[in-house]
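K.L.:
A single structure is presented below for examination.
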Amino acid sequence: MTDQVVFAGICKRFGTFSAVRDLNLGIKEGEFLTLLGPSGSGKTTSLRMLAGLEAATSGDILLAGRRVTDEVPEKRNIGLVFQNYALFPHMTVAQNVAFPLQMRRRKRPDIAREVDRVLEMTQLGPYKDRYPRQLSGGQQQRVALARAFVFDPSVLLMDEPLGALDRNLRDLMRLELKSLQERIGATVMYVTHDQDEALALSDRIGVMHQGVLQQTAPPGEIYERPVNSFVARFLGQSVCLPAKRLERGKRTVLSVEGLDGRILVDAENDTCPDATGDFMIRPERFALAAERPDTADANAIRCKVETAVYLGAQVEVHLRAGAGARVQIAVPAANAGDLAAGSGHWLTFRPSDGLYLKGV
């Protein structure tokens with residue numbers, strides 16, 4: 001499948017500040033790609049450059065193989081959905097959706113047909129004569145989506161489109177948004193700082209930090225195999241501690257700050273180019289044991305419970321290792337056992353569970 005969108009060496013500077021640095025990224029036709037990162041990471045600036053709302057300092061942007069770097073926004077045939085929806089308050093739902101077609105001077109019968117089609121697709125038919133103020137937040141979001149793809153854009157760009165919704169409605173709209181994207185086969189570039197949104201919606205996720213694209217991969221891969229400690233910390237919960245490589249062979253032997261003894265990591269999980277880096281493990285990889293495992297194949301850390309917080313199905317356990325590191329894990333409430341403050345346990349994990357990563 002060919003790339004519908006290509007960023008080729010794109011840079012954006014505001015004075016001496018580099019907002020985006022050497023962005024090289026392709027988005028395939030029909031793909032849902034999310035740019036994820038903290039505020040100021042460059043994700044929204046990248047989206048705005050693709051839309052034509054910001055000019056790139058250097059590099060090229062291609063749409064379906066056509067160079068559009070210097071084209072004005074209206075010639076790019078791109079749909080936009082923003083967090084505030086940007087609906088016209090004096091227009092009905094049908095009029096809002098029809099607006100892009102009117103600007104393209106489509107014939108009235110064609111406009112009516114296309115508006116009815118997308119209103120049915122977004123389940124907004126019964127609300128076509130209502131004004132935005134008469135709609136719920138979720139319904140307004142669907143109107144913004146309908147308006148964005150009614151003219152069959154080559155790419156649909158979304159900048160934090162669910163950010164203004166409450167959590168329950170956001171979760172519901174997440175499902176609707178993904179289902180709608182799959183039905184229409186749209187190519188989507190989505191920007192968010194919400195990890196759950198990125199994992200639930202995306203075919204691929206690109207994590208940005210300080211204007212640099214750190215890693216692009218499918219959700220499962222980027223969660224399980226982050227390329228550095230920034231990606232590991234930003235996407236999902238993780239225990240990430242400074243470490244030093246002592247030996248390298250079938251297994252890497254690490255000295256990890258705050259953890260007792262030597263920590264074993266499988267060789268394929270050692271991707272750090274330097275002797276010093278970060279040891280990373282996801283909390284769900286840990287197990288608590290009353291006794292130290294009688295095997296040389298397992299890592300075991302003596303620790304004490306500082307506090308345990310009941311969260312219904314799970315108990316969030318805050319532990320302190322003998323050498324000082326604080327570790328947070330979650331255990332099923334049904335199997336929690338004795339987690340009284342001050343109680344001692346062995347925190348165990350396999351060499352295949354941990355990663356040795358480049359520190360960022």
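The values are calculated or read from the model by the stated rules, or taken from the named source; none is laboratory data. This structure is a prediction, so every number in the text was calculated from the model and none was measured. We place every Cβ from the backbone using ideal geometry, glycine too, and count neighbours over all the protein chains shown. The accessibility values were calculated without ligands, DNA or RNA, using every heavy atom of the protein model including side chains. Shrake-Rupley method; radii C 1.70, N 1.55, O 1.52, S 1.80 Å.
K.L.:
Roughly what % antiparallel, to the nearest 5, for the DSSP beta bridges in the chain?
P.N.:
Values: 61 of 81 bridges.
If we restrict to bridges inside the chain, about 75 percent are antiparallel.
K.L.:
Let me know the charge dipole size of the chain about its Cα centre in debye, to the nearest 20, where only the beta-carbon of Lys, Arg (+1) and Asp, Glu (-1) is charged.
P.N.:
On the way: 45 positive and 43 negative charges, 192 e Å.
I would put it at about 920 debye.
K.L.:
If each DSSP helix of 4+ residues adds -39,500 (n - 2.57) and the sum is divided by the residues in the chain, what number results at 222 nm, nearest 500 deg cm²/dmol?
P.N.:
Details: 8 runs with 84 residues, N = 360.
Theoretical 222 nm ellipticity from helices: -7000 deg cm²/dmol.
K.L.:
From the residues Gly163, Gln181, Tyr131, which one has its Cα farthest along the dipole of the range 128-196 in the positive direction, the dipole being from +1 and -1 charges on Cβ of Lys/Arg and Asp/Glu about the Cα centre?
P.N.:
Of Gly163, Gln181, Tyr131, it is Tyr131.
K.L.:
Would you check the accessible area of Cys303, probe 1.4 Å, heavy atoms only, in square angstrom rounded to 10?
P.N.:
Counting only protein heavy atoms, Cys303 exposes about 10 Å² to solvent.
K.L.:
Same structure again: Only one of the values [x] 21; [y] 33; [z] 25 was calculated from this structure for percent of Cα pairs over 38 Å apart; name its label.
P.N.:
The value matching this structure is [y].
K.L.:
Related question: Placing +1 on the Cβ of each Lys and Arg and -1 on the Cβ of each Asp and Glu in the chain, which of Tyr85, Val305, Gly261 has its Cα farthest towards the positive end of the resulting dipole?
P.N.:
Selected residue: Tyr85.
K.L.:
Place the peptides 208-218, 322-332 in order of packing, highest mean first, counting for every residue the other Cβ atoms within 10 Å and averaging per peptide. Before the final figure, lay out each step's value.
P.N.:
Details: 208-218: 19.4, 322-332: 15.6.
The peptides rank, most packed first, as 208-218, 322-332.
K.L.:
Further question on the same structure: Mind checking which of Pro293, Pro226, Pro161 has the largest fluctuation in a GNM of the chain, springs on alpha carbons under 10 Å?
P.N.:
Pro293
K.L.:
Quick check: Cα centre of the range 30-79 to Cα centre of the range 335-360, how many Å?
P.N.:
Between the Cα centres of the range 30-79 and the range 335-360 lies a distance of 42 Å.
K.L.:
While we're on this one: Across the chain, how many lysine pairs, 8 or more apart or on two chains, come within less than 25 Å at their alpha-carbon atoms?
P.N.:
15
K.L.:
Quick one: which residues, 5 or more positions from Gln215 or on another chain, have an amide H under 5 Å from its amide H? H modelled 1.01 Å from N in the peptide plane, none for Pro or chain starts.
P.N.:
Under 5 Å from the amide H of Gln215 lie the amide H atoms of Val207, each far enough along the sequence or on another chain.
K.L.:
Quick one: among Ser46, Ser202, Ser18, which has the greatest mean-square fluctuation in a GNM of the chain with alpha-carbon springs under 10 angstrom?
P.N.:
Largest GNM mean-square fluctuation: Ser18.
K.L.:
Using protein chains only and a probe of 1.4 angstrom, how many square angstrom of Glu284 are accessible, to the nearest 10?
P.N.:
Accessible surface of Glu284 is approximately 110 Å².
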